[in-house]
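Here's the structure, in structure tokens; my notes come after.
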Amino acid sequence: MAVVVGDPGGPVESVEVANDADGGFTYRQYHNERDLAQVMHLVDNELSEPYSIFTYRYFLRNWPSLCYLVYDGDRCFGTIVCKLDEHAGRMRGYLAMLVVEREYRHKGVGTQLVMKAISGMIEQGCEEVTLEAEVTNQGALKLYQNLGFIRDKRLRR
Ligand SMILES: CC(C)(COP(=O)(O)OP(=O)(O)OC[C@H]1O[C@@H](n2cnc3c(N)ncnc32)[C@H](O)[C@@H]1OP(=O)(O)O)[C@@H](O)C(=O)NCCC(=O)NCCS
């Protein structure tokens, strides 16, 4: 695993953020528990790490404004789940889950989801953003590096 760190005061902040309807897709924040099944469905299908319902609820109940869903018409095909809290005296954002269904990839949607979440974090006083990605996940690592994140630590377990 690698930990990737970005400084929202640096290059991340300067990237343009798209409108709510972008590229024909509609982005919206998490509303309530009725969205939970959708988020779980997407993440469970696409991420290697299994999460319990308690993990989803921990993020979504505490930081609902930092979760976005993206739609093609009625079809939800991507989501991002995050948190923001104090860490060593700094407000640290954390990108916990990011998923775009296969057929919608390489259209910039993953990047837009990350940008929207980071914009929300900045509005709430975020000073740095971190995430973890598997070293073999070249797609995710490239996406985050394009946004100005840097590799900071390699976690062995
Ligand atoms: C990672 C993921 C969210 C990217 O979503 P996406 O909508 O395709 O991302 P974007 O279109 O914004 O990609 C931006 C850039 O990232 C890089 N990238 C994305 N996926 C890539 C891949 N599979 N291989 C190489 N580069 C990739 C490219 O540079 C891409 O730009 P390009 O398409 O113009 O070449 C998606 O592949 C996914 O859901 N993967 C499974 C879940 C996952 O690994 N999540 C991340 C956990 S840390």
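The values are calculated or read from the model by the stated rules, or taken from the named source; none is laboratory data. Quantities reported herein were computed from a predicted structural model and do not represent experimental measurements. Neighbour counts run over all protein chains shown; Cβ positions are idealised from the backbone, glycine included. To get the accessible areas, we keep the full protein, side chains included, count just its heavy atoms, and leave off ligands, DNA and RNA. Shrake-Rupley method; radii C 1.70, N 1.55, O 1.52, S 1.80 Å.
Some observations on this one:
- Residue in the range 88-103 that is more than 22 Å from P50 (Cα to Cα) and of a type in the set (F, W, Y) present: no
- Residue check for E134: of a type in the set (D, E), open to solvent by less than 90 Å² (accessible area, probe 1.4 Å), within 13 Å of the ligand (Cβ to nearest atom) and closer than 26 Å to P64 by Cα: yes
- Neighbours by Cβ (under 6 Å, 6+ apart or cross-chain): first from the range 75-104, basic (K, R) and more than 8 Å from the ligand (Cβ to nearest atom); second in a loop (DSSP other than H, G, I, E, B) and open to solvent by 40 Å² or more (accessible area, probe 1.4 Å): R90/E127
- Subset of the range 105-131 that is on the phi < 0 side of the Ramachandran plot and small (G, A, S) - its residue that is nearest to the ligand (Cβ to nearest atom): G110
- Top-ranked residue in the range 22-41 [being in a strand (DSSP E or B) and modelled with pLDDT of 95 or more; ranked as nearest to the ligand (Cβ to nearest atom)]: F25
- Flag for E128 being surrounded by fewer than 17 Cβ atoms within 10 Å (Cβ to Cβ) and in contact with a strand residue (DSSP E or B) (Cβ under 8 Å, 6 or more places away or on another chain): no
- Cβ pairs under 6 Å, 6+ apart, first in the range 42-68 and aromatic (F, W, Y) and at pLDDT 95 or above, second in a helix (DSSP H, G or I) and surrounded by 14 or more Cβ atoms within 10 Å (Cβ to Cβ): Y56/M40; Y68/L113; Y68/K116
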